[in-house]
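Structure first, commentary second.
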Amino acid sequence: MMKNFDIIIIGGGPAGASAAIYAASRGVNVAIFEKDEIGGTVGKVSSVTHYLSVDNNESGISFSEKLKEQLKKYKVNIIKEEVKEVILEGDCKKIITTNGEYVSKAIILANGSTPRHLNIPGEKEYLGKGLCKNAAKEGPQYLSKDIFIVGGADGAIKEAIYLSQFAKRLTIIHFEDELHTIAEFKDKLITLKNVNLELHSRLTKIEGNNSIITSIEITDEKTREKRTISSEGCGIFIYAGATPNTELYKNLNLDNGYIITDKKMGTNIPGVYAAGDICVKDIRQVATAVSDGTIAGINAVNYIK
């Protein structure tokens with residue numbers, strides 16, 4: 001038996017949660033499909049910075065808990081199932097999950113992006129054995145150990161600052177000649193005594209003894225010189241960008257994998273909206289995701305009414 005909703009939202013990050021709250025407040029029946037946890041990527045960051053009314057003590061976990069409480073208040077259905085197929089054309093939209101089929105009058109795609117892999121030797125083998133995904137949860141495991149950060153943009157440097165409190169030595173590996181982060185993070189970084197920069201360099205190999213990492217290889221972008229750094233039991237956190245989760249959306253207009261939307265966050269298919277990091281946009285922040293979700297949620301309700 002298919003279950004019916006007025007609006008289905010795929011993705012429970014800030015964009016999806018915002019869309020759900022604004023839609024539900026207008027009296028429609030809304031469901032969020034989220035295969036992992038409400039909060040999405042933001043739930044894995046050490047702190048939520050620069051978002052209005054939130055101070056720097058707000059962790060990704062606590063921020064996500066607040067999203068859950070808001071969704072509960074507005075009686076939004078949260079369904080923890082993975083979406084395997086979507087049928088977006090026509091007046092009746094359908095999604096097929098691991099557990100069943102669901103239909104709605106409108107759908108909002110807000111399932112964000114997935115961190116990009118480096119595709120280097122040892123990356124798959126040491127995931128969860130030193131290669132980490134969640135700084136807030138996994139950082140304390142590397143107290144007095146070496147920690148390596150791959151990346152030089154805002155997200156990477158913010159997490160580097162957080163992780164420095166645990167590290168014996170924290171090394172930032174970035175392929176360009178300088179870090180590309182905001183002044184606030186640069187100013188904080190230079191005050192730290194245990195931070196080392198490996199610029200114009202890439203992480204090219206991870207080696208270990210099957211249970212822990214014992215060394216890494218980095219390659220200089222200019223000289224192509226390879227260098228091995230021994231560090232038994234170290235932690236590695238990779239922030240090398242992301243790829244949009246649009247593999248199911250074959251009939252949407254995409255640009256480099258991202259969904260093209262209009263000013264109402266509508267796509268090329270009537271009744272299908274998109275919000276957040278999955279969209280073509282210049283700036284990807286919690287604030288812009290929430291804005292997208294607000295616009296998509298309100299316009300989806302207008303569409304079905």
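The values are calculated or read from the model by the stated rules, or taken from the named source; none is laboratory data. It should be emphasised that the depicted structure is a prediction, and the values quoted were computed from it without experimental measurement. All Cβ positions, even for glycine, are placed from backbone atoms using ideal geometry, and neighbour counts span all protein chains on display. Note: areas computed on protein heavy atoms with side chains; ligands, DNA, RNA excluded. Shrake-Rupley method; radii C 1.70, N 1.55, O 1.52, S 1.80 Å.
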Q | Residue in region 222-242 that is farthest from the chain's Cα centre (by Cα), counting only those that are outside any strand (DSSP E or B) and surrounded by 15 or more Cβ atoms within 10 Å (Cβ to Cβ) | A | S231
Q) Which residues, taken from region 139-152, are in contact with a strand residue (DSSP E or B) (Cβ under 8 Å, 6 or more places away or on another chain) and assigned to a loop (DSSP other than H, G, I, E, B)? A) K145, G151, G152
Q.
Looking for something assigned to a loop (DSSP other than H, G, I, E, B), open to solvent by less than 80 Å² (accessible area, probe 1.4 Å), at positive phi and at pLDDT 95 or above - is there at least one such residue anywhere in region 253-267?
A. yes
(Q) Looking at (1) of a type in the set (S, T, N, Q); (2) open to solvent by less than 30 Å² (accessible area, probe 1.4 Å); (3) not in a strand (DSSP E or B), which one does T219 not meet, given that it meets all the others? (A) (3)
Q.
For the structure I just gave you, tell me whether S113 is out of contact with any Leu (no Cβ under 7 Å at 6 or more places or on another chain), surrounded by 21 or more Cβ atoms within 10 Å (Cβ to Cβ) and polar (S, T, N, Q).
A. no
Q) Counting only residues that are assigned to a loop (DSSP other than H, G, I, E, B) and free of Cβ contacts under 8 Å to residues at least 12 places away in the same chain, which one in region 118-127 is farthest from G235 (Cα to Cα)? A) N119
Q.
For a quick check of your reading of the model, give me the residue pairs whose first member lies in region 269-287 and is under 22 Å from T49 (Cβ atoms), whose second is basic (K, R), with beta-carbon atoms closer than 9 Å and at least 6 apart or on different chains.
A. G276/R284; D277/R284
Q) Taking V42, is it open to solvent by 10 Å² or more (accessible area, probe 1.4 Å), in contact with a strand residue (DSSP E or B) (Cβ under 9 Å, 6 or more places away or on another chain) and farther than 18 Å from G266 by Cα? A) no
Q: Hey, can you tell me all the residues within region 243-252 that are among the β-branched types (V, I, T) and part of a strand (DSSP E or B)?
A: T243
(Q) I'd like to verify a number: residues in region 243-252 that are touching an Asp or Glu at 6+ places or on another chain (Cβ under 9 Å) and open to solvent by 40 Å² or more (accessible area, probe 1.4 Å), how many? (A) 2
